[in-house]
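Only one structure is covered here, and it is reproduced in the block below.
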Amino acid sequence: MGPKWLEEVLAIISLKDEVSRVKKTRDEVQQKLRRMAKAFIDGLFPKEEYHRQKRLLEMELEALVVPQANAARKQAS
């Protein structure tokens with residue numbers, strides 16, 4: 001195995017990539033929520049379907065986290 005510092009650098013790069021991927025996906029889900037709300041306001045979604053879809057997207061947002069990044073932030077504060 002390579003030097004310890006190399007492993008640490010690769011872990012940091014991997015974490016940053018994962019954080020970027022999660023941020024991009026969260027942004028996409030938030031855009032879906034905004035578009036869906038607009039469609040609901042425009043009368044294109046029944047109320048029950050809107051609330052069901054909205055809850056599913058909110059649950060998806062809650063799941064889109066990077067535990068290592070959150071732990072690192074808590075340790076830094």
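Bear in mind these aren't lab numbers, they're just calculated from the coordinates by the rules spelled out. Note that the structure is predicted; figures quoted are calculated from it, not measured. Cβ sites come from the backbone with ideal geometry, for glycine too, and all protein chains shown count toward neighbours.
Efficiency by 1/(1 + (r/R0)^6): what FRET value for Glu7 and Leu64, r their Cβ-Cβ distance, R0 = 35 Å, to the nearest 0.05?
Values: r = 27 Å, r/R0 = 0.76.
My answer for the efficiency is 0.85.
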* Structure fact -> Phi angles of the range 23-35, converted by Karplus (6.51 cos²θ - 1.76 cosθ + 1.60, θ = phi - 60°) into ³J(HN,Hα) in whole Hz with x for Gly and Pro, give 4, 4, 5, 4, 4, 5, 5, 5, 5, 4, 4, 5, 5
